[in-house]
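The values are calculated or read from the model by the stated rules, or taken from the named source; none is laboratory data. Predicted model, so just to flag it, every value in this text is computed and none were measured. Note: ideal-geometry Cβ built from the backbone for every residue, glycine included; neighbour counts use all protein chains shown.
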């Protein structure tokens, strides 16, 4: 790893806050808001993702961001790569014809959806979100991309909570995380 990459990763880590007992007692919440407030940290995140995608996936058609924090990092990365950006939203938030998939949460069920014409068969996509915990949301987004017959190149997250083993749910896809706890 180059000194520049290490410096960028260190800057990102410095801008992640921890909040005990949020949103529930016993949870240590990792907050990315300070990254968004610090232009150098946000640039570091974008640089690190861009370097990884250019090195690992030379041909990308779309960046697919997950509701809602994938919307913060995804458009910046897409712009850098010169490709489009597509939204995966919670059910009922997108106009027009949509495709959806249901998935389990720790406390119930949810549905994710994408506009029917957002991704065409064969497009090479990279998914992006802020956090990988149990993997349910990212797994659902991958299932949506399969329904659209897209080629999933990989998944990007700022933070991976290793103890929750979300990556196990995504075994069929490569997952790149900047910071692991």
Every listed condition ((1) touching a helix residue (DSSP H, G or I) at 6+ places or on another chain (Cβ under 9 Å); (2) closer than 30 Å to residue 17 by Cβ; (3) crowded, with 17+ Cβ neighbours inside 10 Å) holds for residue 180 save (3)
Within the range 20-68, which residues are farther than 21 Å from residue 137 by Cβ, in contact (Cβ under 8 Å) with a residue 40 or more places away in the chain and out of contact with any strand residue (DSSP E or B) (no Cβ under 7 Å at 6 or more places or on another chain)?
51
For the range 47-89, the count of residues that are surrounded by fewer than 19 Cβ atoms within 10 Å (Cβ to Cβ) and in a strand (DSSP E or B) equals 1
Scanning the range 105-132 for residues that are at pLDDT 95 or above and within 17 Å of residue 163 (Cα to Cα), the one surrounded by the most Cβ atoms within 10 Å (Cβ to Cβ) turns out to be 132
Give the range 24-34 a look and list any residue that's assigned to a loop (DSSP other than H, G, I, E, B) and within 15 Å of residue 131 (Cα to Cα), or say none.
27, 32
Please list, ordered by residue number, the strands (runs of 3 or more DSSP E) wholly in the range 92-181 having 3 or more residues that are touching a residue at least 60 places away in the same chain (Cβ under 8 Å) and within 27 Å of residue 15 (Cβ to Cβ).
124-132, 151-160, 175-180
